[in-house]
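S.K.: After the structure tokens below, expect a handful of questions from me.
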Amino acid sequence: MTDSPDARGPRQAALPRVLALVAIALLAILAFKRLGRWEEMQRDLRATAVAAGLSGETLTRTESAMRREADPANARLALAGALLDRELLNRDPTSPASFERLRTARDLARWALAGQPSNYEAAMIVGATTSLERSRARDTRLFSLATQWERPLNVAMALAPGAEAPRRLLAAAYLEGWAVLSPAKKTVAEGLLREAFRDPSTFERLYAAWVEIAGSLERAATLLPDEPRSWRRLAETAFAKRAFLESIALTERHRRSLAAKLEADLARTEAADGEILTTAPVDAAFAPLVERALGRRPPGAASQREANAAQVWFEWATPLCLTGACPFSGNSMARLASLAGALLAPEQIAFAALAAGDEAKADLLERRSESLWSEIWAPYFTLKAKRLVESGNLAGARAALQQAHRAFRVRSVWRALAEQTSVVANDGGATGKAAPTLSDATFAAALMPAARESWEASDWWFDRGATRLDLVPARAAEALVLELAQPPAEGALLEVYWDGARLMPVWVPPGVTTVRVAPPAPTTGSAVTRELHLLEARALFGGVRPAMRVRLG
């Protein structure tokens, strides 16, 4: 008896569904098996990473990169790349663990390359680890069998012409074997190095080796990018070699390059505002850039780096506000104080408020303080007196000056203001001036003329690591003469600031005690005018005391 057409229909219709369910089940079984193998591979790779010394954030980042890869070859390459990166930054490259990491990275890359012959990363890692291992082991095969590392790196470059990593690693390998390169190969290597030095991490890794090979800093500079970091490192290298005149010239190149970069950054993006505050040298030449950056910076908390920089800039500007016009606007002084935050003391915050014209806040801080009698408040009272003189309130200015600590009253800045507010003896009414009160007479009798021809080492003052002298020249002069107490046995290098502006560093030859410093002269007149000025000196080398005798030249 056969099935009727009606009976066969439902069974035939159900068959495809059954087959589909069977296929899904088989696929699920295969997927679970594959997932199990993938998980097992990930555990093995993690164990390899731990055994190779990866830990902390580096291990977490590497694990994340491996788990994103479904292909075992790519997962192994992720670990191989992490091990190579670790070795490129290794400060102890001759340890057994270092060589083991290089061998592990190379084995992983070779495994991947066997399955993916066109993978440029695998070829790159094979070549780079081979050259690094032989270089660090001082293995002569680095030169005799150079094709074993050179060929994989060249293959990687051919497979990925736009990738920079193979070119940088080949440049580094050529640098290791520079002594045996042919002239033609050196030309190729120089082109690769010129490109590689544009990368900051590669620059730091290869700089010292290239400078040694170049033989001179002038030659080294030919392959380095015309950027601030190049000139800064070259200047530091010259200084370390005690080539001070060369260091001075390179420092000037660095300053010009940095000024151009910061100016361009400021014009291009507001994101550079914080960088300018923290990167610009503390100097009058860079103050306008900082002023503009402060004016554009959006409200918000400062990073620790910004707070530290704001404190330094504020403390640089404070004495300049007393000797002349503040180098920053009132708003910028307040902004610096706000960014510095708790790094500034109450008397500094009061000073900033006064500079910004916020007299109510300044008075409030003044009333709340119990240490107005101390020397730390003297700059505040001096600025207060200066503001009152400018407004014509001489009596108020005199009262403010009298509140300044006695130790501060020897300063030229205090004496210059006191002279403006002092009351002379009665001249019989010829000038219409009233006879002085007792307090006025005592105040005037304590004064010494602020203008002088020379200043002793004891006239300098020290504040938060700075050595400064405020002075009023008795006559105009072309220069200042600095007289050291003792001649430096090995010479000395002095950095001098005039009214907050850095002058060209001064080299004092061995056995010499007198040097001449000439601030930039205006188009007409003398460089040193009969006005209140601020002089600052630092000893960069030589162990001399920056406080020294000064006379008009």
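S.K.: For the range 458-505, name all the residues that are crowded, with 18+ Cβ neighbours inside 10 Å, closer than 15 Å to Gly543 by Cα and more than 24 Å from the chain's Cα centre (by Cα).
M.R.: Within the range 458-505, Leu484, Pro488, Ala492 meet the criteria.
S.K.: Within the range 20-41, identify whether any single residue is surrounded by 10 or more Cβ atoms within 10 Å (Cβ to Cβ) and either under 33 Å from the mean Cα position of the chain (by Cα) or modelled with pLDDT of 85 or more (or both), and answer yes or no.
M.R.: yes
S.K.: Determine if the range 309-323 includes at least one residue that is outside the structural domain of Ala416 (by TED's automatic domain parsing), free of Cβ contacts under 8 Å to residues at least 24 places away in the same chain and either aliphatic (A, V, I, L, M) or at positive phi (or both). So that I can check it myself, show each step before the final result.
M.R.: If we filter the range 309-323 for residues that are outside the structural domain of Ala416 (by TED's automatic domain parsing), which is where we start, we get 309-323.
Narrowing further to those that are free of Cβ contacts under 8 Å to residues at least 24 places away in the same chain: none.
Checking the range 309-323: not a single residue is outside the structural domain of Ala416 (by TED's automatic domain parsing), free of Cβ contacts under 8 Å to residues at least 24 places away in the same chain and either aliphatic (A, V, I, L, M) or at positive phi (or both).
S.K.: Okay, next question. Within the range 332-352, does at least one residue satisfy the condition of being of a type in the set (Asp, Glu), in contact with a His (Cβ under 9 Å, 6 or more places away or on another chain) and within 22 Å of Asp463 (Cα to Cα)? Show your work before the answer.
M.R.: Initial filter on the range 332-352 (of a type in the set (Asp, Glu)): 347.
With in contact with a His (Cβ under 9 Å, 6 or more places away or on another chain) added as a condition, the list becomes none.
Looking through the range 332-352, none of the residues is of a type in the set (Asp, Glu), in contact with a His (Cβ under 9 Å, 6 or more places away or on another chain) and within 22 Å of Asp463 (Cα to Cα).
S.K.: What do you reckon, is Arg242 loosely packed, with under 13 Cβ neighbours inside 10 Å and outside any helix (DSSP H, G or I)? Before the answer, list the steps.
M.R.: Details: loosely packed, with under 13 Cβ neighbours inside 10 Å: yes; outside any helix (DSSP H, G or I): yes.
Yes; evaluated as a whole, the condition is true for this residue.
S.K.: Only one of Leu234, Leu224, Leu217, Leu132 is in contact with an Asp or Glu (Cβ under 7 Å, 6 or more places away or on another chain), buried (at least 18 other Cβ atoms within 10 Å of the Cβ), more than 20 Å from Leu84 (Cα to Cα) and not polar (S, T, N, Q). Can you tell me which?
M.R.: Numbers: Leu234 fails: in contact with an Asp or Glu (Cβ under 7 Å, 6 or more places away or on another chain); Leu224 fails: in contact with an Asp or Glu (Cβ under 7 Å, 6 or more places away or on another chain); Leu132 fails: more than 20 Å from Leu84 (Cα to Cα).
Only one candidate qualifies: Leu217.
S.K.: Need pairs with beta-carbon distance below 8 Å; first residue small (Gly, Ala, Ser) and within the range 160-187, second not in a helix (DSSP H, G or I); sequence gap 6+ or separate chains.
M.R.: Within 8 Å, the pairs are Gly177/Ala146.
S.K.: Could I ask something else about it? Tell me, which strands (runs of 3 or more DSSP E) lie completely within the range 468-551 with 3 or more residues that are out of contact with any Gly (no Cβ under 7 Å at 6 or more places or on another chain)? Break it down stepwise before answering.
M.R.: Working: elements: 480-483, 492-498, 506-508, 514-517, 533-541.
Answer list for the range 468-551: 492-498, 514-517, 533-541.
S.K.: Would you pick out the residues in the range 364-422 that are more than 24 Å from Pro473 (Cα to Cα) and among the acidic types (Asp, Glu)?
M.R.: Glu366, Glu370, Glu375
S.K.: Of all residues being polar (S, T, N, Q) and part of a loop (DSSP other than H, G, I, E, B) in the range 297-345, which is surrounded by the fewest Cβ atoms within 10 Å (Cβ to Cβ)? Just the residue, please.
M.R.: Ser303
S.K.: Here's something else I'd like to know. Taking the range 88-104, which residues are free of Cβ contacts under 8 Å to residues at least 40 places away in the same chain, in a helix (DSSP H, G or I) and either surrounded by 13 or more Cβ atoms within 10 Å (Cβ to Cβ) or in contact with a helix residue (DSSP H, G or I) (Cβ under 6 Å, 6 or more places away or on another chain) (or both)?
M.R.: Our first condition is that a residue be free of Cβ contacts under 8 Å to residues at least 40 places away in the same chain; within the range 88-104, this holds for 90-92, 95-96, 98-99, 102-103.
Filter once more, keeping what is in a helix (DSSP H, G or I): 96, 98-99, 102-103.
Of everything in the range 88-104, those that are free of Cβ contacts under 8 Å to residues at least 40 places away in the same chain, in a helix (DSSP H, G or I) and either surrounded by 13 or more Cβ atoms within 10 Å (Cβ to Cβ) or in contact with a helix residue (DSSP H, G or I) (Cβ under 6 Å, 6 or more places away or on another chain) (or both) turn out to be Ser98, Phe99, Leu102, Arg103.
S.K.: Right, here's the next one. Go through (1) surrounded by fewer than 18 Cβ atoms within 10 Å (Cβ to Cβ); (2) more than 22 Å from Ala80 (Cβ to Cβ); (3) not charged (D, E, K, R) for Ala189 and report which single condition fails.
M.R.: Looking at each condition in turn, Ala189 falls short on (1).
S.K.: Answer with yes or no whether Ala355 is modelled with pLDDT of 90 or more, more than 22 Å from Asp499 (Cβ to Cβ) and buried (at least 20 other Cβ atoms within 10 Å of the Cβ).
M.R.: Numbers: modelled with pLDDT of 90 or more: yes; more than 22 Å from Asp499 (Cβ to Cβ): no; buried (at least 20 other Cβ atoms within 10 Å of the Cβ): yes.
Judged against the criteria, Ala355 is not a match.
The values are calculated or read from the model by the stated rules, or taken from the named source; none is laboratory data. Model, not experiment: these values are computed from the prediction. Neighbour counts are summed over all protein chains in view; Cβ atoms, including those assigned to glycine, are modelled from backbone coordinates with ideal geometry.
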